[in-house]
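Asks: Got a structure for you, written out below as structure tokens; questions coming shortly.
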Amino acid sequence: MLVLRRFLSILIALLYVISPMDVIPDFIPGLGWLDDLIVLGILAWVLIARQRGQSPWDVFQGRGRGGSTRRSSGPRPEDLTADFSTMDPYTLLDVSPSASAEEIKAAYKRAVGRYHPDKVAHLGQEFQELAHKKLLAIQQAYEILQSQRA
């Protein structure tokens, strides 16, 4: 179904570009091609976003590049070479050593949400295994920090 929608959107955009019936007629030099370029640009933007596994409309909802409400979806690139068993529990949970029990619990829930098997099921087998290892290390780090607080 996704392939059919992608094909149809490309076909419609190309038909609009080669069609003599445009918003701005093509016989006006330069200006007539402006709407064609806009249509091709939007098509490229949508296709590139889809290929990255994003919705092209996330940019408008603050979840695009550099957005503060950006959703984390699985392992980060720096996790590919990390050895989680030797990492500091505070580093794994991304909290400071002076963090309260509530902050640690909130960080634990965020980390588990990021590396949960349901969240990384769409990724390849290598990333799923990596996320599983990180999740186990996060759980161990949380247990260590909870035992220290008790």
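The values are calculated or read from the model by the stated rules, or taken from the named source; none is laboratory data. Nothing here was measured: the structure is a model prediction, and the numbers come from that model. In this analysis, Cβ positions are derived from the backbone assuming ideal geometry, glycine residues included, and neighbour counts consider all displayed protein chains.
Asks: Which residue pairs have Cβ atoms closer than 7 Å, lie 6 or more positions apart in sequence or on different chains, and pair a first residue in segment 28-55 that is among the aliphatic types (A, V, I, L, M) with a second residue that is not in a helix (DSSP H, G or I)?
Replies: 31/24; 34/24; 49/55
Asks: I'd like to verify a number: residues in segment 67-124 that are outside any helix (DSSP H, G or I) and at pLDDT below 55, how many?
Replies: Pass one, segment 67-124, residues outside any helix (DSSP H, G or I): 67-76, 82-83, 87-88, 94-100, 116-124.
Still in the running and at pLDDT below 55: 67-75.
Total satisfying the criteria: 9.
Asks: Let me ask you something else. I need every pair where a residue in segment 106-117 that is in contact (Cβ under 8 Å) with a residue 40 or more places away in the chain has its Cβ under 7 Å from the Cβ of a residue that is loosely packed, with under 14 Cβ neighbours inside 10 Å, sequence separation at least 6 or different chains.
Replies: Listed by first residue and then by second, the contacts come to 114/72.
Asks: Okay, next question. Please enumerate the residues belonging to segment 1-51 that are of a type in the set (Gly, Ala, Ser), in a helix (DSSP H, G or I), at pLDDT 75 or above and over 21 Å from the mean Cα position of the chain (by Cα).
Replies: From segment 1-51, those of a type in the set (Gly, Ala, Ser) are 9, 13, 19, 30, 32, 41, 44, 49; that's our starting set.
Adding the requirement that they be in a helix (DSSP H, G or I) leaves 9, 13, 32, 41, 44, 49.
Checking the rest, the ones that are also at pLDDT 75 or above come to 9, 13, 41, 44, 49.
Hits for segment 1-51 are 9, 13, 41.
Asks: Quick check on residue 112: is it of a type in the set (Val, Ile, Thr) and more than 20 Å from residue 54 (Cβ to Cβ)?
Replies: Values: of a type in the set (Val, Ile, Thr): yes; more than 20 Å from residue 54 (Cβ to Cβ): yes.
It is true that residue 112 is of a type in the set (Val, Ile, Thr) and more than 20 Å from residue 54 (Cβ to Cβ).
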